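Asks: Structure below; questions to follow.
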C-alpha cells in the first residue's frame, strides 16, 4: 500500500527537520518553507494532508489558504488541511476554519509521534 502524501509547510529549519525526520517514516513528505513555495508544489502534486504553519515569510499561512480556496490550487475534497502552529488566536482559528481547515493543532502539544497518531486517525476517518 502506498504511503499517504503530505505537504509540510514550515519555515523554521530546526522544527522542519525534527518533524520531517519522523513524518518520512510514515508518509511520503514534500516540504515547503513558505506559502509561495507551497502554492507552487500543489499545482503539480496531490496531497492527502497539508500541514500548514501560519507565520510564514512571503505568503503567510492565512494568505496561502485564501489562494488555495480560490480553486486554481485546490486539491480534491479528500485533502485534509491542518494548521500546525504555535500561533493561537481565536479570531485566526475562526478565519482559517472558514477557509476550510479541518483541524487546528498547536505545535507544543504535538510531538512528532503524537502528530503521526493524529494524522493517521484523521486519514482513517476520511
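Every number here is computed from the coordinates shown, using simple stated rules; none is lab data. Bear in mind the structure is a predicted one, so any value in this text is a computation, not a measurement.
Asks: Per the Kirkwood definition applied to all pairs of different Cα atoms, how many angstroms is the hydrodynamic radius of segment 84-126? Write out the running numbers ahead of the final one.
Replies: On the way: mean 1/r = 0.0888 Å⁻¹.
Averaging 1/r across every pair of different Cα atoms and inverting gives 11.3 Å.
Asks: So what's segment 6-80 giving for Rg/Rh, alpha carbon basis, Kirkwood Rh from the mean inverse pair distance?
Replies: Numbers: Rg = 11.6 Å, Rh = 12.3 Å.
Answer for segment 6-80: 0.94.
Asks: At a threshold of 8 angstrom on Cα-Cα distance, excluding pairs fewer than six apart, so keeping six or more, what relative contact order does the chain reach in percent?
Replies: So the answer I get is 24 percent.
Asks: Two decimals is fine: what is log10 I(q)/I(0) at q = 0.09, 0.12, 0.14 Å⁻¹ for the chain, from a Debye sum with one equal scatterer on every Cα and no solvent?
Replies: The Cα Debye sum returns log10 ratios of -0.21, -0.38, -0.53.
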